[in-house]
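The numbers here are math on the coordinates, done by the rules we state, and not lab data. These numbers come from a predicted model, not from an experiment.
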C-alpha cells in the first residue's frame, strides 16, 4: 500500500532571546505559532520554508536547519510538519493576510494564546534531545508523544 503524504513546515526564527511569532487567522488551527506553510509539489523542503517565511513575515531567512517533525495519520493520509530553526535572516518584519507577526521573548510564549499543543511543540524546537511530536489515537481520542 502506498501512503499519501502532505508536507508542511514551521520555522523558529531567533534573534537572541526573541523569536518571530504569528497570530494565525486560519479557522483550522488559530492562535499564536511560528510562521510556515505548505510545501508545493516539486519544491525542495528548504526552498519551501524560505518562501513561506518570506510570504508570511517579509523576512528572508538563510540556512534553516531541520530540528524536528510533527506527524500524524488521518483519513488515509500522513501529515508531516518539518520543524526548522535559524538565526540568519534579513529584511523588515511585516504582517500578512495569514496574521499579525512580531518578535516575542521566548520565555513569554507560554503566557500567550498559543495554537493547539504549541506549548509542547516548542519543546521539540528547543530541546536537542527531542526530534518528533507524534499524534496518535487511543480510544477514539487524539494523544501525542514527544520523542
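Odds and ends about this structure:
- Three-way shape call for region 81-137 based on the alpha-carbon gyration tensor, with the a/c threshold at 1.5: prolate
- Principal-axis analysis of the Cα atoms of the chain puts helix 45-57 at an angle of about 50° to the longest axis.
- Rel. contact order, % - alpha carbon contacts under 8 angstrom, at least six apart, region 4-146: 28 percent
- For volume of the Cα convex hull per residue in Å³, calculated from these coordinates, the label among (i) 91; (ii) 124; (iii) 113: (ii)
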